[in-house]
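The values are calculated or read from the model by the stated rules, or taken from the named source; none is laboratory data. Quantities reported herein were computed from a predicted structural model and do not represent experimental measurements. Cβ coordinates were reconstructed from backbone atoms using ideal geometry, including for glycine residues, and neighbour counts include every protein chain displayed. Ligands, DNA and RNA are stripped out before the accessible areas are found, and what is left, the full protein with its side chains, is counted by its heavy atoms. Shrake-Rupley method; radii C 1.70, N 1.55, O 1.52, S 1.80 Å.
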Amino acid sequence: MGPPGAGKGTQGVSIAQHFGVPAISTGAIFRANVEGKTELGLVVSRLMEAGELVPDEVTVQIVASRLAEPDAAAGFLLDGFPRTVAQAEALDALLAEAGTPLDAVVSLTVDEEQLTARMLKRAEQEGRADDNEETIRRRFEVYAAQTAPLLARYSGLGLLVEVDGIGDVDEVFERIIRALGQV
Ligand code: AMP
C-alpha cells in the first residue's frame with residue numbers, strides 16, 4: 001500500500017521476484033485492458049483518467065479470478081489492492097476460503113510534494129493518462145478518504161509493515177526486505 005506514486009509498482013515487482021511469487025497489480029490489469037480496448041477497458045478508462053476508483057464489485061471479481069490461477073497457489077504479491085474497506089473485506093473472505101492468510105501488508109510512506117514531482121516525471125516518461133496534475137490531486141484525495149483507513153485496520157491485525165519510501169529504488173527495496181524479515 002501507499003499513496004499514488006509511492007513506488008508500489010516498482011517495489012511490488014521486486015518483492016514478488018524476491019519471494020518467487022506473481023505480482024498482481026490491479027492498476028496494471030486495468031491498464032492492459034484499456035490498451036487492449038476490451039469491454040472491461042472501456043468501462044474503467046474514464047474512471048482511471050479521472051483519478052476515481054473502479055467499482056469494488058468489478059475490482060474484486062478481477063482479483064478473485066487472478067488469485068484462482070495456479071501460479072498464485074503458493075503465494076502472491078498484491079499491488080494496489082485492496083483500496084477500500086469493502087475490498088479488504090472481500091479479500092478476507094477470498095483468503096479465508098482458500099486458507100491462505102496475508103503474511104504482511106507493506107505500506108510505503110512518502111511525502112506528498114515529493115510524490116507529485118515523481119509522478120509528473122513518470123507522466124513524461126511513460127505517458128500515463130492519469131498522471132496529470134488534476135488527476136494526481138484527485139488520486140491523493142481518494143487515497144486519503146478511501147484507502148488510508150485500511151492502514152489502521154491492518155495495523156490492528158498486526159500485519160502492517162511501514163517502510164520509508166524515500167530514497168533510491170534499491171535502498172527502499174532493502175528496507176522492505178529487512179522489515180519483512182522482522183514480521
Ligand atoms: P495504480 O496503478 O495502482 O495507481 O492504479 C491506477 C488506477 O487504476 C487507479 O487510480 C484506479 O482508477 C484503478 N485501480 C487500481 N487498483 C484499484 C483498486 N484496487 N480499486 C479500484 N480502482 C483501482
Problem set entry | Condition broken by residue 28, with the remaining ones in (1) part of a loop (DSSP other than H, G, I, E, B); (2) open to solvent by 30 Å² or more (accessible area, probe 1.4 Å) satisfied | (1)
Exercise. Are there any pairs, at least 6 apart or on different chains, whose C-beta atoms fall under 8 Å, with the first in the range 22-33 and farther than 17 Å from residue 47 by Cα and the second open to solvent by less than 20 Å² (accessible area, probe 1.4 Å) and more than 10 Å from the ligand (Cβ to nearest atom), and if so, which?
Worked result: 22/16; 22/72; 23/15; 23/16; 24/72
Exercise. Residues in the range 112-130: is at least one closer than 20 Å to residue 34 by Cβ, of a type in the set (D, E, K, R) and more than 15 Å from the ligand (Cβ to nearest atom)?
Worked result: yes
Exercise. Just for the range 66-84: of the residues that are among the hydrophobic types (A, V, I, L, M, F, W, C), more than 14 Å from the chain's Cα centre (by Cα) and open to solvent by less than 70 Å² (accessible area, probe 1.4 Å), which one is farthest from the ligand (Cβ to nearest atom)?
Worked result: 72
Exercise. Out of all the residues in the range 153-175, is one or more part of a helix (DSSP H, G or I), farther than 21 Å from residue 28 by Cα and in contact with an Asp or Glu (Cβ under 7 Å, 6 or more places away or on another chain)?
Worked result: yes
For this session: Please enumerate the residues belonging to the range 18-30 that are within 24 Å of residue 165 (Cα to Cα), within 15 Å of the ligand (Cβ to nearest atom) and of a type in the set (Phe, Trp, Tyr).
Result: none
Exercise. Can you name the residue in the range 108-131 that is assigned to a loop (DSSP other than H, G, I, E, B) and at pLDDT 80 or above and, of all such residues, is nearest to the chain's Cα centre (by Cα)?
Worked result: 110
Seminar exercise, completed: Scanning the range 46-55 for residues that are in contact (Cβ under 8 Å) with a residue 12 or more places away in the chain and more than 7 Å from the ligand (Cβ to nearest atom), the one farthest from residue 24 (Cα to Cα) turns out to be 50
Problem set entry | Selection from the range 92-107 of residues that are farther than 17 Å from residue 10 by Cβ and either among the hydrophobic types (A, V, I, L, M, F, W, C) or within 18 Å of the chain's Cα centre (by Cα) (or both) | 92, 93, 94, 95, 96, 98, 101, 102, 103, 104, 105
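Here's the yes/no breakdown for (1) within 16 Å of the ligand (Cβ to nearest atom); (2) touching a Ser or Thr at 6+ places or on another chain (Cβ under 8 Å); (3) among the basic types (Lys, Arg):
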site	(1), (2), (3)
134	yes, no, no
139	yes, no, yes
159	no, no, no
162	no, yes, no
For this session: For residue 116, indicate whether it is under 26 Å from residue 17 (Cα atoms), out of contact with any Ser or Thr (no Cβ under 8 Å at 6 or more places or on another chain) and of a type in the set (S, T, N, Q).
Result: no
Exercise. Based on what the data block shows, is residue 15 within 12 Å of the ligand (Cβ to nearest atom) and either open to solvent by 50 Å² or more (accessible area, probe 1.4 Å) or of a type outside the set (Lys, Arg) (or both)?
Worked result: no
For this session: Kindly provide the set of residues from the range 31-45 that are more than 9 Å from the ligand (Cβ to nearest atom) and open to solvent by 20 Å² or more (accessible area, probe 1.4 Å), ordered by number.
Result: 32, 33, 34, 35, 36, 37, 38, 39, 40, 42, 43, 45
